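Taking it in order: structure first as structure tokens, then the write-up.
Just so it is clear, none of the values below were taken in a lab; they were calculated from the coordinates. Since we're looking at a predicted model, the values are computed, not measured. Cβ atoms come from the backbone with ideal geometry, glycine included; neighbour counts cover every protein chain shown.
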Amino acid sequence: MRLLNKTTLGAVLGVGALALSTASVSAAIACRGNVCWHVQGRYEYPREARIVIRPDDWRWRRHERYVWREHEGRGYWRGGRWIEW
């Protein structure tokens, strides 16, 4: 009986830790015009950057045309160049 209690407690603690670790991750999709990239947080972009933040599960519609450009770090795409700040 003790083994069953320990196993159940371990499972509950493991599920709780997993739930907390996934809740702290804040992934999203940032777009400027038709260029989009993944971001790991919701940055406060400069107003003049005209960035639109969408949820990580966002998908464009069939008639829309977007381009994925990934880049490490904090910044945004402008005119084919990565602008860091």
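Miscellaneous remarks
- Checking W68, W37 one by one, the residue that is aromatic (F, W, Y) and surrounded by 12 or more Cβ atoms within 10 Å (Cβ to Cβ) is W37 and no other.
- Residues being under 15 Å from A27 (Cα atoms) and among the charged types (D, E, K, R) - total across segment 37-85: 9
- Flag for Y76 being out of contact with any Asp or Glu (no Cβ under 7 Å at 6 or more places or on another chain), assigned to a loop (DSSP other than H, G, I, E, B) and in contact (Cβ under 8 Å) with a residue 24 or more places away in the chain: no
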